[in-house]
1. What figure, in Å² to the nearest 10, do you get for the accessible area of Phe284 with a 1.4 Å probe and non-protein molecules left out?
2. What accessible area per residue, rounded to a whole number of Å², is obtained for segment 66-116 using a probe radius of 1.4 Å?
3. Please report, as a whole percent, how much of the solvent-accessible surface of segment 62-116 comes from carbon and sulfur atoms (probe radius 1.4 Å).
4. Could you check the simple spin-label distance between Glu227 and Leu90, using points 7 Å along Cα→Cβ, in nm with one decimal?
5. Would you mind checking Lys26/Lys219; Lys249/Lys273; Lys249/Lys282 for any pair whose Cα atoms are more than 25 angstrom apart?
6. Average the reciprocal distances over every distinct pair of alpha-carbons in segment 72-162, invert the result, and give the Kirkwood radius in Å.
7. Please state, to two decimals, what the Cα-based radius of gyration of segment 160-247 comes to when divided by 2.2 N^0.38 Å (N = residues).
8. Name the aspartates and glutamates eligible as straight-distance cross-link partners of Lys49: C-alpha to C-alpha under 20 Å, and not fewer than 8 places from it in the same chain.
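The values are calculated or read from the model by the stated rules, or taken from the named source; none is laboratory data. Keep in mind it's a predicted model, so treat the numbers as computed, not measured. Cβ atoms come from the backbone with ideal geometry, glycine included; neighbour counts cover every protein chain shown. All accessible areas refer to the heavy atoms of the entire protein, side chains included, with ligands and DNA or RNA removed. Shrake-Rupley method; radii C 1.70, N 1.55, O 1.52, S 1.80 Å.
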Amino acid sequence: MTVGRYSIFKGGKGLAGNKKHKKLSKLEIFKRLVFITIGSILMGIALEKFLVPYDIIDGGIAGISIMLSAITDWPLSLFLFIVNVPFLILGYKQLGKTFALSTLYGIIIMSATTAFFEHSGPFPEDKLLAVLFGGLILGAGVGLVIRYGGSLDGVEIVSILISKRIRIAVGQVIMVFNVLIFVVAGFVFEWTSAMYSMFTYYIAIKVIDIVVEGLDESKSVTIISKEFEEISQAIMDRLGRSTTLLQAKGGYSGEGTEVIYCVVSRLELAKLKGIVQSIDEKAFIAIEHVSDVMGGNFSKKSIH
């Protein structure tokens, strides 16, 4: 399963310079192993019980492995391991030891799970249900592995290395890989299976977003107004969220001003806009998605 959006930033020194990172505690290591294990098992189940029996493939190395297994009649678990590991070795220096070991562990567990459920037959006898629930389970499994510092697909690793050489975004390289994989799947199986596969992949990507980022999405808000003091105080009083005032200068007018920056939950966004517009209807408001919030003081204060 290749996503190219999260796990490339979870690795060690290869992606973040040569600075020494703080060692994980035993509890953090145990937690990481538990959730990577669960995620890898879920992916293995999704492949063998929901997708493979109906000739539905995933993107990336998993998709290539499913097609190779169908062509050669060799076990899927074998291809999932032997095709992934060379890519992992190739990108070891770029990814770092922690990421590489987490990924290797996840690949081993996933391969073992597919071997255990091999030829066990599909769980739902309806193909459409297999697509829907297969995508859900696949996305949940991959999302857990990514969230806790690993990956289950070597194509992402290769995409990082290619991106560094030809200066194309990692996501674009992965997209090209997956388009080619789904086109080939149309010839190996049939075109309806390829179309089902793309639908499954889309569902899985959406579930990965939820698992990695969480349901409680946050939004960062930048506000430019001459009434910055009143707006800032109103946000703190009526929403219970702290604000940060940033010194700025208008590019056209050359006048100095203060820019308000704050982070709120998705459900608080409408109320925040109402607060700002009630004070200054002409205020400039820029809203951006925040995938995660750590540190600082994001907890709500009492509203009065």
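1. 110
2. On a per-residue basis, segment 66-116 sits at 50 Å².
3. About 74 percent, which is the carbon plus sulfur part of the accessible surface.
4. Here the answer is 5.9 nm between the modelled labels.
5. Lys26/Lys219
6. Its Kirkwood hydrodynamic radius stands at 14.4 Å.
7. 1.87
8. Result set, ordered by chain and number: Asp58, Asp73, Glu118, Glu125, Asp126, Asp153, Glu190.
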